[in-house]
1. Which of the residues belonging to the stretch 58-71 are of a type in the set (A, V, I, L, M, F, W, C) and within 16 Å of residue 40 (Cβ to Cβ)?
2. Say whether the condition of being closer than 24 Å to residue 10 by Cβ, at pLDDT below 95, part of a loop (DSSP other than H, G, I, E, B) and in contact with a helix residue (DSSP H, G or I) (Cβ under 8 Å, 6 or more places away or on another chain) is met by at least one residue in the stretch 82-91.
3. List pairs: first residue in the stretch 52-64 and over 13 Å from residue 100 (Cα atoms) and of a type in the set (Asp, Glu), second residue assigned to a loop (DSSP other than H, G, I, E, B) and modelled with pLDDT under 95 anywhere in the structure, Cβ distance under 6 angstrom, at least six positions apart or on different chains.
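The values are calculated or read from the model by the stated rules, or taken from the named source; none is laboratory data. Bear in mind the structure is a predicted one, so any value in this text is a computation, not a measurement. Virtual Cβ from ideal backbone geometry, glycine too; neighbours counted across all protein chains shown.
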Amino acid sequence: MQIDLNNPVSFTLDAVRQLIAAANDDVHNQLRVSKAGIAWISSAHVGGTAIEGLLFRLETWSAGSGCVGPVAASDSVWVMQIFNALKDNWADPRFDYVDVY
């Protein structure tokens, strides 16, 4: 699943909730945003790997941390934190790495 941050119809709190719910908490994950404004959660590339073409990325969420998956998506405070991190850093982040804790 991806969210187009350029499109207010697709960049919603509910879309962020669905993005979080769709990710697997059994593996490391990282929310990434391309320079084109596409946000997704990657389990294939986390940390500082394969960052070409990224505008910014959030910290890597360790496997089993509870940051993704259905339980994380049901936490309205957490979902709002991620939504705000995306909103506040798209399209002019201060850094290429954003920590939401």
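1. 58, 61, 67, 68
2. The answer is no; no qualifying residue exists.
3. none
The rows are residues; the columns are (1) surrounded by 13 or more Cβ atoms within 10 Å (Cβ to Cβ); (2) touching a strand residue (DSSP E or B) at 6+ places or on another chain (Cβ under 6 Å); (3) not β-branched (Val, Ile, Thr).
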position	(1), (2), (3)
26	no, no, yes
31	yes, yes, yes
41	yes, yes, no
44	no, no, yes
49	no, no, no
53	no, yes, yes
65	yes, no, yes
89	yes, yes, yes
96	yes, yes, yes
